[in-house]
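The structure under discussion appears below in the form of structure tokens.
The values are calculated or read from the model by the stated rules, or taken from the named source; none is laboratory data. Being a predicted model, the structure only gives us computed values, none of them experimental. Cβ atoms come from the backbone with ideal geometry, glycine included; neighbour counts cover every protein chain shown.
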Amino acid sequence: MSKAKPQFKNVPPPEGGKPASPYARFIPREELGSFASWSPGTLAGDGKPAPPPGVRKAAPAEPEKPAAPDLGQQLHAARQGGYQDGYRDGLAALEQFKQSFAAQITAQIGQITLAYGDGLDALQQDMARALAVSATQLARQIVRTELAARPETVALVAQEALDTLLMSARQISVRVNPDDHPLVAQGAAEVLAARGARLLPDATVARGGCLVESDIGVVDATIAARWRRAVSSIGCEQAWTGDDDVPDEDAA
């Protein structure tokens, strides 16, 4: 069975007092339930109601303290950072060394190549000079042998010299060595007569050659002149020497 709700009545005012308003009455504590007494601090403006009597205000929470740093992790991170920096600096130093070393080696190789080229050029010049000297010595021996074996070839030399002279030339004389005079007179008689040339013996002309003179010029067909023209074409300046005891003049 439900318990009947108690009925409360207003207490009449004391004698001589003002009658109570019909809208005001005394409220017993049992009807109030939970309440809190008012205090001036409630109007401070913080917007929070004051705690009820008997209830202790909770202490504010203390701020969390930062965790202590891990020295092991810091040491590991420092080692890793140092390794990365050292590795990067090492690569940069290695690249710079390679470039410097390559430039140095290139310069040295260039100097060696230049020196080698200069030495090779000098060697080639020496070889060419030696070959020219050998060739001229061999040619001299051949000419000497030819002059001794075929002295009549001097007649061909005189004919070629006369053919070189212009047809307008006059007062032509052909000078030859006295030993070659009869050979030229016999071998080149027709050419001498055709050009109206005189054949004259001259001891200053070496055997095997001749000297043709005219009113317009001279044709030097002596052995020395022909030899000089022949050896100069191979870069040699050795003079002709008819005697084997006379030393050769090397090229400059």
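Kindly provide the set of residues from the range 200-212 that are assigned to a strand (DSSP E or B) and either touching a residue at least 60 places away in the same chain (Cβ under 8 Å) or surrounded by fewer than 19 Cβ atoms within 10 Å (Cβ to Cβ) (or both), ordered by number.
L200, P201
Among the residues of the range 226-234, are any at pLDDT below 90 and either part of a loop (DSSP other than H, G, I, E, B) or touching a strand residue (DSSP E or B) at 6+ places or on another chain (Cβ under 7 Å) (or both)? Quick ask: steps written out before the conclusion?
As a first pass, look at the range 226-234 and keep what is at pLDDT below 90: 226-234.
Now drop any that are not either part of a loop (DSSP other than H, G, I, E, B) or touching a strand residue (DSSP E or B) at 6+ places or on another chain (Cβ under 7 Å) (or both), which leaves 233-234.
Yes: one or more hits.
State whether the residues of the range 128-144 include one that is without any contact (Cβ under 8 Å) to a residue 24 or more places away in the chain, surrounded by 13 or more Cβ atoms within 10 Å (Cβ to Cβ) and more than 18 Å from A203 (Cα to Cα). It would help to see each step written out before you state the result.
Keep residues of the range 128-144 that are without any contact (Cβ under 8 Å) to a residue 24 or more places away in the chain, which gives 130-131, 134, 138, 141-142.
Right, trim to surrounded by 13 or more Cβ atoms within 10 Å (Cβ to Cβ) and you get 131.
With the extra rule that they be more than 18 Å from A203 (Cα to Cα), the set shrinks to 131.
Yes, some residue in the range 128-144 is without any contact (Cβ under 8 Å) to a residue 24 or more places away in the chain, surrounded by 13 or more Cβ atoms within 10 Å (Cβ to Cβ) and more than 18 Å from A203 (Cα to Cα).
Counting only residues that are farther than 18 Å from D215 by Cα and of a type in the set (G, A, S), which one in the range 146-194 is surrounded by the fewest Cβ atoms within 10 Å (Cβ to Cβ)?
A149
Determine which member of the set L123, L114, L138 is part of a helix (DSSP H, G or I), out of contact with any strand residue (DSSP E or B) (no Cβ under 6 Å at 6 or more places or on another chain) and farther than 28 Å from A230 by Cα. Give the derivation first.
On the way: L123 fails: farther than 28 Å from A230 by Cα; L138 fails: farther than 28 Å from A230 by Cα.
The match here is L114.
All but one of (1) of a type in the set (K, R); (2) assigned to a helix (DSSP H, G or I); (3) over 27 Å from E237 (Cβ atoms) hold for R170; which doesn't?
Unmet condition: (2).
Which residues, counting only those in the range 141-167, are part of a loop (DSSP other than H, G, I, E, B) and of a type in the set (D, E)?
Answer for the range 141-167, where residues must be part of a loop (DSSP other than H, G, I, E, B) and of a type in the set (D, E): just E152.
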